Amino acid sequence: MPRLGPIPPSALKRVLELDGFSIAHEDDYNWALARDGVEDVVIVPKLGPVVAEDVLLRVVMTTPRRPTQYLFPGRLVSNTSSDY
Amino acid sequence: MNDRGHDIGTGLTHIRVDADAIVDGTRVQLDAELLIVVHKDDRAQVYVSQAPALNVYSQGRTEHEAVLALEQAIRSYIITAHGRGYLERILLRSALRSTDDRIPRQYVRIAQDRPEPNIVDTPAAVELSAL
């Protein structure tokens with residue numbers, strides 16, 4: 001199982017932006033990001049100290065990269081532990 | 001659950017979401033009824049809310065806030081997908097339809113003021129039409 005590390009909402013949004021996503025819509029509680037070539041919308045919640053694991057998994061599975069390739073291997077996602 | 005929806009006895013709550021938005025200069029009206037579920041994530045110290053049929057998630061610091069956040073997330077998700085032209089395909093591959101009579105009907109309707117032919121016509125699940 002991939003290990004997902006805690007990441008604050010704003011940091012996750014920034015990482016997605018560096019990966020080519022841009023904010024397509026925004027409300028009081030969420031950013032909705034989209035990217036050409038990805039036929040889905042990534043919702044990043046704004047509230048809370050960190051993004052919950054389920055939410056993070058949904059975000060990562062939407063991106064074109066495989067989870068193990070995404071973001072910071074070994075930090076945000078790795079294959080070595082099921083610990084959060 | 002709370003006054004945003006009613007629990008149907010399965011841990012799922014049935015909510016209604018509507019919106020009136022301008023997308024690329026076109027007035028768009030959204031109407032949806034969806035089942036949602038909320039659970040506590042102790043490690044992240046948030047309540048996680050999910051609409052399983054659309055696979056949309058959000059979160060909040062309280063259960064009530066998580067529901068509010070999900071309602072907004074559903075609006076943002078649908079409006080963004082509609083504006084980018086792939087909402088139809090997302091809805092067609094979604095889990096909106098169920099053969100289980102115990103599960104309340106779920107649907108997403110989008111109407112816009114630019115006359116266009118109906119682009120999706122699937123009974124009791126997904127409806128997109130012109131106003």
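Restricting attention to the range B:31-81, which trypsin sites (Lys or Arg not before Pro) occupy a DSSP loop and are surrounded by at most 15 other Cβ atoms within 10 Å?
Qualifying residues, ordered by number: B:R43, B:R61.
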Quiz item: What order do you get for B:S76, B:S58 when you list them from fewest to most C-beta neighbours inside 10 Å?
Solution: B:S76, B:S58
Quiz item: How large is ³J(HN,Hα), in whole Hz, for each residue of the range A:13-29 in order, when computed from phi with the Karplus curve 6.51 cos²θ - 1.76 cosθ + 1.60 and θ = phi - 60°, using x for Gly and Pro?
Solution: 4, 5, 5, 5, 5, 5, 8, x, 7, 9, 6, 9, 7, 9, 10, 5, 10
Quiz item: Averaged over B:50-56, how many beta carbons belonging to a partner chain fall within 10 Å of each residue's beta carbon?
Solution: 2
Exercise. Enumerate the amide H contacts of B:V46 below 5 Å, restricted to partners 5 or more residues apart or on another chain; note that Pro and chain-start residues carry no placed amide H.
Key: B:D41
Exercise. Quick one: which residues, 5 or more positions from B:V28 or on another chain, have an amide H under 5 Å from its amide H? H modelled 1.01 Å from N in the peptide plane, none for Pro or chain starts.
Key: B:A21, B:I22, B:V23
Quiz item: In peptide B:39-46, how many Cβ atoms from other protein chains are near each Cβ within 10 Å, on average?
Solution: 6
Quiz item: When ranked by the protection proxy of mean other Cβ atoms within 10 Å per residue, highest first, what sequence do the peptides A:14-21, A:57-64 form?
Solution: A:57-64, A:14-21
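Work out the mean other chain Cβ neighbour count within 10 Å for the residues of B:69-82 and drop it here as an integer. Provide the component values of the computation, followed by the final result.
Numbers: counts 9, 4, 2, 10, 11, 2, 4, 12, 8, 3, 5, 11, 7, 1.
What the average comes to for B:69-82 is 6.
Each reported figure results from applying straightforward, stated rules to the coordinates on display, with no laboratory input. Everything quoted here is computed from the prediction, not taken from an experiment. No Cβ is skipped: glycine too gets one built from the backbone with ideal geometry, and neighbour counts run over all protein chains shown.
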